[in-house]
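The values are calculated or read from the model by the stated rules, or taken from the named source; none is laboratory data. What you are looking at is a predicted structure, and each value in this text was computed from that prediction instead of being measured. Cβ: placed from backbone, ideal geometry, glycine included. Neighbour counts: every protein chain shown.
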Amino acid sequence: IIKRFTLCYVTGKILDGSNADVAVDQYHRYPEDIQLMKDMGMDAYRFSIAWSRIFPNGTGEINQAGVDHYNNFINALLAAGIRNSGLPSHGSTRQFEMHVSYAGIQPYVTLYHWDLPQALEDKYNGWLDPQIIKDFAMYAETCFKLFGDRVKYWMTFNEPDTFTVQGYDVGLQAPGRCSIVLHLFCKAGNSGTEPYIVAHNVLLSHATAVDIYRKKYKAKQHGSVGVSFNVIWFEPETNSTEDIEAAQRAQDFQLGWFLDPLMFGDYPSSMITRVGSRLPRFTKAESALLKGSLDFVGINHYTTFCARENKTNLIGSILNDTVSDSGAFTLLTNRGCSFVLNACSFQAWETHRRQGTEADLCPLFHFPVRANSIWLYIVPRGMRSLMNYVKEKYGNPPVIVTENGMDDPNSQFISIKNALKDVKRIKYLNDYLTNLLAAI
């Protein structure tokens with residue numbers, strides 16, 4: 001569906017007309033990739049299985065070539081860690097085996113990273129139809145059955161809120177459905193209802209798959225199943241009650257939209273109140289199925305935004321979509337936001353680090369340093385705040401940071417030697433990890 005949306009049928013979706021027919025080509029080059037991982041000392045690797053590579057039509061006949069590829073890939077990851085730590089002292093086979101480590105590079109597998117088989121979109125509009133719940137569960141169980149003897153960490157979905165909003169509210173990602181501004185940007189869709197329907201079906205798909213795993217596979221395979229959530233941390237623009245509540249609603253309509261049902265069995269109360277009849281409701285049986293259907297919480301965290309009360313809701317009345325339903329206006333930067341007032345530009349940090357005056361001069365700079373992406377402002381303390389929030393609200397569940405990092409601009413004028421002097425990224429990772437540690 002991604003290929004058809006970006007390449008074949010919608011002109012102008014990709015600025016330079018490029019496509020993903022061949023990207024990093026891990027399908028053929030995974031031995032090189034694994035050797036690089038081994039050279040770096042990595043002990044874990046997260047990747048996704050393509051649904052259509054297992055079931056080209058979404059259901060029905062299995063593609064054995066796809067199964068063989070993932071078997072070979074998983075086996076190669078696990079074999080990368082096998083090492084002989086010494087010869088047996090007395091030459092026995094049994095003693096030799098005790099000197100060998102089989103830890104390998106542990107595979108962390110995502111079952112769905114926004115790549116719905118086109119056949120299911122054509123057949124019944126994909127995630128908009130409850131039929132998807134049964135079909136996803138069948139696909140997930142197939143993966144558990146084929147690979148679960150070696151895969152111990154599963155993520156059913158990567159960033160469900162992202163493909164829900166981007167695909168069905170604003171229409172920027174597949175399948176490109178929306179109704180904002182009188183269908184100016186999309187030919188079909190309903191931005192005020194479809195994202196909620198899609199999210200509802202995603203949640204029930206996850207819960208159904210987990211139920212199958214726990215009943216049929218967990219006792220023998222001893223694996224864990226979670227979800228990777230995209231989580232921006234929101235800080236109130238001011239200390240006013242209105243902005244504090246707006247920041248909480250922004251989080252409810254992002255992380256809470258999916259994690260609340262999986263932990264508590266229902267949507268956040270703010271969503272139920274504000275969305276009303278447009279929000280599908282769970283039956284008692286569905287709520288029971290959802291509640292506690294996570295073994296761990298995957299967190300993809302990069303940045304922090306400000307949030308303030310959207311008093312006039314002018315944009316919301318114009319767009320009439322799920323993005324505006326929270327009544328919170330989120331900002332990349334603003335002089336009034338607390339994290340901005342306490343952030344240094346990277347250039348200032350680098351200059352004053354050498355002079356030992358970083359702490360004194362940080363408040364003089366109103367804007368935090370940004371990575372290459374226009375939305376990615378570097379705010380390390382957001383990691384600590386987010387982790388404490390998850391710990392306190394959701395009862396200290398196991399958390400795995402499944403994504404974090406920053407991008408730099410690619411320039412032909414920068415030599416490889418200078419590009420490898422990656423001080424900015426080193427500081428980013430160090431500061432975010434320091435804040436992560438502080439939250440433990």
When the stretch 413-437 is checked residue by residue, the ones that are part of a helix (DSSP H, G or I) and either among the basic types (K, R) or loosely packed, with under 13 Cβ neighbours inside 10 Å (or both) are I416, K417, N418, A419, V423, K424, R425, I426, K427, N430, L437
Can you confirm whether T303 is touching a Phe, Trp or Tyr at 6+ places or on another chain (Cβ under 7 Å), β-branched (V, I, T) and closer than 24 Å to M155 by Cα? yes
Subset of the stretch 187-208 that is among the β-branched types (V, I, T) and in a helix (DSSP H, G or I) - its residue that is farthest from W257 (Cα to Cα): T208
Among residues of the stretch 213-232 being over 23 Å from the mean Cα position of the chain (by Cα) and buried (at least 17 other Cβ atoms within 10 Å of the Cβ), the residue nearest to A140 (Cα to Cα) is Y217
Filter the helices (runs of 4 or more DSSP H) completely within the stretch 112-186 down to those with at least 1 residues that are farther than 23 Å from P280 by Cα and of a type in the set (G, A, S). 118-124, 131-147
Quick check on my filter: what residues within the stretch 26-51 are part of a helix (DSSP H, G or I), of a type in the set (D, E, K, R) and under 16 Å from W154 (Cα atoms)? none
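Okay, residues lined up against (1) surrounded by 20 or more Cβ atoms within 10 Å (Cβ to Cβ); (2) modelled with pLDDT of 95 or more; (3) in a helix (DSSP H, G or I):
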residue	(1), (2), (3)
G336	no, no, no
V340	yes, no, yes
F367	no, no, no
S373	no, no, no
L386	yes, yes, yes
E392	no, yes, yes
I400	no, yes, no
G405	no, yes, no
S411	no, no, no
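Quick grid of which residues meet (1) in contact with a Lys or Arg (Cβ under 7 Å, 6 or more places away or on another chain); (2) modelled with pLDDT under 95; (3) surrounded by fewer than 12 Cβ atoms within 10 Å (Cβ to Cβ):
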site: T6; (1), (2), (3): yes, yes, no
site: T11; (1), (2), (3): no, yes, yes
site: D16; (1), (2), (3): no, yes, yes
site: A44; (1), (2), (3): no, no, no
site: S48; (1), (2), (3): no, no, no
site: S52; (1), (2), (3): no, no, no
site: N72; (1), (2), (3): no, no, no
